[in-house]
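Reading through the structure tokens given below for one structure.
The values are calculated or read from the model by the stated rules, or taken from the named source; none is laboratory data. Predicted model, so just to flag it, every value in this text is computed and none were measured. A quick note on method: Cβ atoms are made from the backbone with ideal geometry, for glycine too, and the neighbour counts reach across all protein chains shown. Note: areas computed on protein heavy atoms with side chains; ligands, DNA, RNA excluded. Shrake-Rupley method; radii C 1.70, N 1.55, O 1.52, S 1.80 Å.
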Amino acid sequence: MSTGNCSRCIGVSLFSLSICAIVSNLLLYFPNGQVLEADRITDLVWFFHGILGAGILILLPAFLMLGAGGEGCCGNRCGMLLSVLFALLGASGGLYCVVISFLGLINGPLCDIGDEVYIYPFRNSTFMDNYLFNQTAWSICKNPENIILWNVVLFSLLLAIGMLEAVLCFIQVVNGLLGVMCGTCVRKRKTDVAGM
């Protein structure tokens, strides 16, 4: 496989993952499908880790990689070098999504514990007492319904997407550097069958 084809495969994968990340982040704004006031939404959602980090910062290199992989051949080494720089930008976006998603999982959601009192009931818990390992503690959150499950699923999904995007971007860095140093495609000799 030429470096151009590899670049194209990575670009398609990153494009799909970035759309999933944007949708997942948007769903975090509507816990359990409810529209809430802005001050009742978990604060880490406002860091736009899925929209900006794993979304827009990944779409840029994805489109460039799709162009670099056109026809299976990039055509110039400058395009591959540019894909390396954009892949590094994408990797930073993926890692940003991983960090914020990890913090979102560890800290838990903002929820109503009764009488319209919205707090982070799990924010200062130790690792052994973490709500992720103790589902009986989930009953402390009264509203929005199923907020803990909603946050755990979506932050976990964003964590996995961010890690996968970062890995793919680092693969593209290596692929792009190979394309710059060794060329972007294997040129086939044209033979004239009639002129043999």
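Note on residue 32 and residue 56: the model spin-label points, each 7 Å out from Cα along the C-beta direction, lie 3.2 nm apart. The length gained by stretching the chain between residue 174 and residue 120 to full extension, at 0.36 nm per residue less their Cα-Cα distance, is 15.2 nm.
Largest accessible area first, the residues 29, 120, 131 order themselves as 120, 29, 131 under a 1.4 Å probe with ligands, DNA and RNA left out. Here the sum of -39500 (n - 2.57) over DSSP H runs of 4 or more residues, divided by the residues of the chain, equals -19000 deg cm²/dmol at 222 nm, to the nearest 500.
For the chain, leaving out every one of the GluC sites (Glu not before Pro) that falls in a DSSP loop and has at most 10 other Cβ atoms within 10 Å, the longest unbroken run is 117-196. The largest accessible area among 86, 170, 122 belongs to the first residue in 170, 86, 122, and the rest follow in falling order (1.4 Å probe, all chains).
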